[in-house]
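Throughout, read-outs are computed from the coordinates displayed, never taken from laboratory work. Predicted model only: the values in this text are computed from it and were never measured. Quick reminder, even Gly has a Cβ in these numbers, built from the backbone with ideal geometry, and neighbours come from all protein chains shown.
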Amino acid sequence: MTRHFLALHDYSKEELDALLALAHDLKVKQKQGIAHRLLEGKTVALIFEKASTRTRISFEVGVFQLGGHGLFLSSGTSQMGRGEPIKDSARVMSRYCDGVMIRTFGQEIVDEFARYSSIPVINGLTDLFHPCQIMADLQTVIEHRGSYAGQTFAWIGDGNNMANTWIEAAAICDFELRLACPTGYEPDEAVLAWARAKAPWRIILTTDPREAVAGADVINTDVWASMGQESEQKEREKAFVGFCLDDELLSLAKPDAIVLHCLPAHRGEEISDSVIEGNHSVVWDEAENRLHIQKAIMATLLK
C-alpha cells in the first residue's frame, strides 16, 4: 500500500521521531559534504497552486541533493490549472513520476490526489494543514532545547493551518500547547475535537496572548492574513490588536525560550523586528530545516 504524507495524524509518534532522526542524519551528512543520493534516478513532481519561496526552493534543492530530479509544475502550466479532474492527473503522474508534492488550497485536493495516486503524495501546504513546516519546527526545537518532550509551546495569532498542525503534533507527541487566538479566529473545530479526545490536557485555547506565553519554552506565530486572505487584512489588523509578539510579550516566557516563525514575516504586525532579529529567534535555523526534514520524508516514502 502506498504511504503518503498528508497530515500528522496519519503517523505515530515513533514514525515522526524516525523522520526527525533521519533529518538530523541527512543534515549532518550535508554539512560534512558526505553524499546521500538516496533518490538516485527518481523523479518528483512538484505541483504549486499557491506561490512559494521556501517550499519550492527546499523541495527542489532537496530532491537534487538526494540524487533525484524535481519537476516544477504550476497551475498555469499544467492541465490541473485548466480543470482536468484531480483523479486523472493523479493516475497519469503516477505513470511518469516516483512521487508528488502538492502545495494548494483545500485539503480535499491532496486527499483526492492521494486516493487515486499509486505513488507517494506529500502535502506541501493546504489551507488546513502544513505538516512539513511543523516537522521542521520540531527538528529546530530538538536542536535548541534537546527534545520537544516536556516543553511548553505557545501559539500566538490566527487559528490557521499552522495552528491546526501544531494541535495535531501536541496530541501525538508529549508536550503542552497553549493557543492564543482572537474570538472568531479559532483553529478548526474538527481538528481541535480530535486532539482533545486523544490528549485533552495537552491543548489549551485562550484569547489572551499573555496567558499563552507565560512560562513557555517555545513561542510560535504567523502572519495574521494568510495567502488568499489578503482582502481581510484591515479587518484582521483590528481583531489582532495585542497579538504582536514583541519584547514585552516575550518577557513573560522562560528566560531561555526560543521563537519560531514559518515566514514570510510582517514585521511590526504579528512579530516585532527586535524579536525576530533577537537572541531568542531561531527562525533561520527553522527555515533551513525545511530542507532536511523534507529530504527525510521523501527518502522514507520513495525508498
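Partners of K42 within straight-line reach, counting lysines whose Cα lies under 16 Å from its Cα and excluding those fewer than 8 residues away in the same chain: K295, K303.
Calculate, for V241 and D10, the FRET efficiency according to 1/(1 + (r/R0)^6) with r their C-beta to C-beta distance and R0 35 Å; round to the nearest 0.05.
Working from the Cβ atoms, E equals 0.40.
For K198, go through the lysines and keep the ones whose alpha-carbon is under 16 Å away, minus same-chain ones fewer than eight residues off. Result set, ordered by chain and number: K13.
A cut-off under 15 angstrom between Cβ atoms defines the neighbours of L205, and their net charge, with Lys, Arg +1 and Asp, Glu -1, is -4. How high is the FRET efficiency from T2 to A190, r the C-beta distance, R0 22 Å, rounded to 0.05? Once rounded, the FRET efficiency stands at 0.30. Placing a pseudo-label 7 Å from each Cα along the Cα-to-Cβ vector at E108 and F72 gives an inter-label distance of 3.1 nm.
Of all segments of the chain bounded by GluC sites (Glu not before Pro) found in a DSSP loop with no more than 16 other C-beta atoms within 10 Å, the longest spans 41-276.
To the nearest 500 deg cm²/dmol, what mean residue ellipticity at 222 nm is calculated for the chain from DSSP H runs of n ≥ 4 alone, each contributing -39,500 (n - 2.57), summed and divided by the residues?
When only DSSP H runs of four or more count, the value is -12500 deg cm²/dmol.
Note on the chain: with a GNM built from Cα contacts shorter than 10 Å, the maximum mean-square fluctuation among I276, I142, I34 falls on I34. Over the range 133-286, Cα pairs under 8 Å with separation of 6+ residues give a relative contact order of 24 percent.
Across the chain, Cα pairs under 8 Å and at least six residues apart give a relative contact order of 20 percent. Pull up the cross-link candidates among the lysines for K238, meaning alpha carbon to alpha carbon under 30 Å and not fewer than 8 places away within one chain. Straight-line reach from K238, under 30 Å: K50, K254. In this simple spin-label model, placing a label point 7 Å from the Cα along the Cα-to-Cβ direction at both D17 and W284 gives a separation of 3.2 nm.
Between the listed residues G33, A214, L249, the Cα displaced farthest toward the positive end of the dipole of the chain, a dipole computed from Cβ unit charges relative to the Cα centre, is found at G33. Qualifying chymotrypsin sites (Phe, Trp or Tyr not before Pro) in the range 81-168, where qualification requires a DSSP coil assignment and no more than 16 other C-beta atoms within 10 Å, comprise F105.
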